[in-house]
Each structure stands twice: as structure tokens, then as C-alpha cells.
Amino acid sequence: MPRAADPCRLYLITPPRIDVPDGFAAILAEALAGGDVAALQVRLKDVSDDHIGAVVRALQPLCEASDVALILNDRPDLAARLGCDGVHIGQTDAPYAEARRAMGKDRIVGVTCHDSRHLAMEAAEAGADYVAFGAFFPTSTKDASTHAEPELLEIWQEVMQTPCVAIGGITVDNCGPLIEAGADFLAVSAGVWAYPQGPRAAVAAFAARLASPL
């Protein structure tokens, strides 16, 4: 996901539990019909590699058809084996160098950097394709140990070229300041999947906000 002059884009994260891969594929197809999506991160905890593989295989054709980068959370080895477009690693997952070796130079490696410019600069200088800051808002998707302010995005844009992803409790209603502050991507999970009017309406609503954040 190279940095571009285009507006901020949407980066979807799967719900934390997907019991029926083909069933979620239908939900994803509905969401993608709502508007532009740059990437989808498959983020599933405490499930088998076989189940993750089944989910990835169910979603890959949709992502390819819609030019959506399919990124696997945590596992560079599995991401490479499954042919994912990229991997997202946290500070306690595989080191960046290990992730890059597994994925190769042409696929995406993104790094969680919490609320730390220092961690983000280290990741960017090492060659990360994007850095992720957060959590910006309270979130029920994961236990967020840090809180980031929009000013972090502003500072990052002033001094660095590596794209930045804003994550954590982002919704249609609260995303405006993050777009204005310079986020290249908004990472959203419940803000789409739990949207009252459904995921297609959520993606459409985000598209409208991304085009006109104020």
C-alpha cells in the first residue's frame, strides 16, 4: 500500500470470530459493494492454522477481484504459505526482519507502533510498508494498552514518508479528526461489521466521510 496523494482509505479488520468462512465471505462481498476498501486484515485469535487457512481461501477471490490487499495478522510464516498479500505484526510478534524474510520484498509488512513515534521510526527505517498507531478511541475488539492522540498523525506526516494507519474504536461518527490529522488509512472492525444498517451501508458512510471529513 504505497503512500499516495489520494484521500485517506479504509482498511477493514475482520470480526474476531468467523465460524463459517463462506458465510463471512458473503458478508464481505456485501461490504465491498459499499465503496472503496484498500485492505482487509484477517485477525483471528486462538484458532487453528487450518481454520485460518480456510478463512483466507474463502476471502482471497473477493479481495483479488476488488483489488483489496489481504493481510494476515501476527503470522508471517502462515501469511507466506497461504499467499497473502501481506502480514501485520505487533511488537510481541515476529521481529520485522523475520517477517520481511518470510514475505519477501514485494509483499506488505505492517507494524503496530501503539502511541510511539520511536517505535514507528524504527519500523519505517527498517523498511516497513506502513506503521499503525492507536488506540485512538475505546475499543471492544481488543485490549488496547495505549491511547494515541490525533496530533501523533500530524507529527508523523510532517517528518516521515511511510504511510500511517489509525486504529482503535474508529467509527463513521468519530473518524473526522483522524482524517484531518493525516491518517493514510483508517483500520475499522466493529465500526463496519456492527453498523446498525449493515456493512455495505457502513462502507458507504465511511466513503462519504473520507471524501468530506468535516
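General remarks:
- Which numbered condition residue 179 misses (of (1) within 19 Å of residue 212 (Cα to Cα); (2) part of a loop (DSSP other than H, G, I, E, B)): (2)
- Some residue of the range 110-122 being touching a residue at least 12 places away in the same chain (Cβ under 8 Å) and of a type in the set (Asp, Glu): yes
- In the range 60-71, of all residues being assigned to a helix (DSSP H, G or I) and aliphatic (A, V, I, L, M), the one that is nearest to residue 196 (Cα to Cα) corresponds to 62.
- Qualifying residue in the range 192-209 (condition: of a type in the set (Phe, Trp, Tyr), assigned to a loop (DSSP other than H, G, I, E, B), modelled with pLDDT of 95 or more and buried (at least 22 other Cβ atoms within 10 Å of the Cβ)): no
- Selection within the range 165-177 - touching a Leu at 6+ places or on another chain (Cβ under 7 Å) and either surrounded by fewer than 24 Cβ atoms within 10 Å (Cβ to Cβ) or small (Gly, Ala, Ser) (or both): 166, 176
- So residue 69, is it buried (at least 17 other Cβ atoms within 10 Å of the Cβ), in contact with an Asp or Glu (Cβ under 6 Å, 6 or more places away or on another chain) and among the aliphatic types (A, V, I, L, M): yes
- Scan of the range 22-34 for residues that are assigned to a helix (DSSP H, G or I) and among the small types (Gly, Ala, Ser), ordered by number: 23, 25, 26, 29, 31
- Some residue of the range 149-164 being in contact with a Phe, Trp or Tyr (Cβ under 7 Å, 6 or more places away or on another chain) and either under 19 Å from residue 205 (Cβ atoms) or touching a residue at least 60 places away in the same chain (Cβ under 8 Å) (or both): yes
- On inspection, residue 50 does not qualify as of a type in the set (Asp, Glu) and under 24 Å from residue 131 (Cβ atoms).
- Any hit, the range 122-135, residues being part of a loop (DSSP other than H, G, I, E, B), aliphatic (A, V, I, L, M), at pLDDT 95 or above and touching a Pro at 6+ places or on another chain (Cβ under 9 Å): no
- Restricting the range 180-191 to residues that are out of contact with any Phe, Trp or Tyr (no Cβ under 8 Å at 6 or more places or on another chain) and surrounded by fewer than 21 Cβ atoms within 10 Å (Cβ to Cβ), the residue that is modelled with the highest pLDDT is 190.
- Hits in the range 35-59 - residues which are out of contact with any Cys (no Cβ under 8 Å at 6 or more places or on another chain) and assigned to a helix (DSSP H, G or I): 49, 50, 51, 52, 53, 54, 55, 57, 58, 59
- Condition met for residue 67 (out of contact with any Lys or Arg (no Cβ under 9 Å at 6 or more places or on another chain) and charged (D, E, K, R)): yes
- Residue list for the range 90-119, restricted to those being among the small types (Gly, Ala, Ser) and out of contact with any Phe, Trp or Tyr (no Cβ under 7 Å at 6 or more places or on another chain): 90, 94, 97, 99, 102, 104, 116
The values are calculated or read from the model by the stated rules, or taken from the named source; none is laboratory data. Since the structure is predicted, the reported quantities are computational estimates derived from the model, not experimental observations. Using ideal geometry, Cβ is built from the backbone for each residue, glycine included, and neighbour counts are taken over all protein chains shown.
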